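This report refers to the structure that appears directly beneath it.
Each reported figure results from applying straightforward, stated rules to the coordinates on display, with no laboratory input. Owing to the predicted nature of the structure, the values given are computational and were not obtained by experimental measurement. Cβ: placed from backbone, ideal geometry, glycine included. Neighbour counts: every protein chain shown.
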Amino acid sequence: MPDTNSVAEKFNSNFKFLTGFYSGANKKLIASHNGELTQDKVSAIASVVENQLELYGVSKGAVKKVFNIVIETLQNILIHGEKDERGVRHSYFVVGKSDNEFTISSGNIVHNPTVDKLRAKLLDIAGHDERALKAKYMQVLSNGEISSKGGAGLGFLTIALKSGNQLNFDIQKINDSVSLFELHSKITG
Amino acid sequence: MRNLIIPEERHTPKVVLNPESNTFEISGKSFPEDSRQFYKQVLDWLDEFMLTKPKSVNFKFNLFYLSSSSIISIKQILLKLKDVGNGGADVQVLWHFDSDDDDIRKTGEDYLKLTQMNFQFIANEE
């Protein structure tokens, strides 16, 4: 019988680690969310981030980039975040400031059979320089359709482009069914 | 031909499609949870509109944020407009952007490259 508590435990412990990181010197927690996500929460969180960044005097261009990445990251969770065996769609989201660098982090469940494909997709993006990323983006834009889930395959590419390919990820197996997919992107303010 | 008027909401733009007053506009921000569902009504309306054999369409886009899936939807709308043009109408795309917003301007340029339609780029002054 799969131990679902270990899923909740893993998510909570990662979330705690991330939020705890931003209590250090020259660091600030800008926004955080742990639990089920809805579209209304997406816009609420994005507004909080936008307002906070403006308070810190971050340039308009950087605020826009962060806002973009926040929406794409959150909508990625909404569209692709899976449920555990108890039907709980665990996820977390953290935006933090470290000196003048902003990091946007997220965690969601992915089913184990999809892990290899996901890893390959992100490694492929990581291997592209800016020009190649833009070319790939134009290609997907040209051929792209919207899937039945509501996604268009442009999410990770958009995050990569906005962050100057400052995109890191980690996939940790939790049990025989599910893994935790964590994504981090950085913007310099 | 009925009008399609959708007021701006939290995650979706204002849409005004009114052939009688010659107003065609999509403005605001676009990040619906399901772009396909939201923009289907626009695409369906354009299908109907095409059958009325319009003479000219000046379509204004004044968007200040587009999520990645919305970007595909807007592309689909532009291609539909292109079909309207192929049916004999004079179609102009009026692509507005804030003068300090490179992203939206560049997205317009991407669309121009992709669709090869008649685009006018109009900077909104502050």
Whole-number D in µm²/s for the protein assembly as shown (Stokes-Einstein; Kirkwood sum over Cα pairs; 4 °C, 1.567 mPa s): 62 µm²/s
Order of B:Glu25, A:Glu54, A:Glu82 - criterion: other Cβ atoms within 10 Å of each residue's Cβ, fewest first: A:Glu54, A:Glu82, B:Glu25
Kirkwood hydrodynamic radius of the stretch A:1-81, Cα pairs, Å: 14.4 Å
Peptide-level mean, for B:3-15, of C-beta atoms on other protein chains within 10 Å: 1
Simple label model, 7 Å out from Cα along Cβ direction - B:Asn18 to A:Ser148, nm: 3.9 nm
Highest-MSF residue in chain A out of A:Asn143, A:Asn168, A:Asn14 [GNM, Cα springs under 10 Å]: A:Asn143
Residue-averaged [θ]222 nm for chain A, counting only DSSP H segments that reach four residues, each worth -39500 (n - 2.57): -15500 deg cm²/dmol
Per-pair calculated FRET efficiency, R0 = 25 Å: A:Leu29 and A:Ala8 via Cβ, rounded to 0.05: 0.70
Peptide-level mean, for B:109-121, of C-beta atoms on other protein chains within 10 Å: 1
Dipole magnitude of chain A about its Cα centre (Cβ charges: Lys, Arg +1; Asp, Glu -1), debye to nearest 20: 420 debye
Leading residue at positive end of dipole, the protein assembly as shown (Cβ point charges), from B:Gln116, B:Ser56, B:Leu78: B:Gln116
Relative contact order computed over chain A (Cα-Cα under 8 Å; 6+ residues apart), in percent: 26 percent
In Hz, Karplus ³J(HN,Hα) per residue of the stretch A:37-50 (6.51, -1.76, 1.60; θ = phi - 60°; x = Gly, Pro): 10, 10, 4, 5, 5, 4, 6, 5, 5, 4, 5, 4, 4, 4
For the stretch B:1-37 and the stretch B:48-67, distance of Cα centres in Å: 10 Å
Among A:120-128, A:155-163, the order from most to least packed when residues are scored by Cβ within 10 Å on average: A:155-163, A:120-128
Average beta-carbon neighbours from other chains, 10 Å sphere, peptide B:58-69: 4
Extension reserve of the B:Arg10-B:Lys55 stretch, reckoned as 0.36 nm per residue once the Cα distance is removed: 12.8 nm
The protein assembly as shown, dipole about Cα centre (Lys/Arg Cβ +1, Asp/Glu Cβ -1), debye to the nearest 20: 280 debye
Rounded to the nearest 20 debye, dipole of the stretch B:4-124 from Cβ charges on Lys, Arg, Asp, Glu: 300 debye
Kirkwood Rh in Å, taken over all unlike Cα pairs in the stretch B:4-124: 14.4 Å
Equivalent ellipsoid, chain A (semi-axes from 5 times Cα gyration tensor eigenvalues, Å): 25, 23, 15
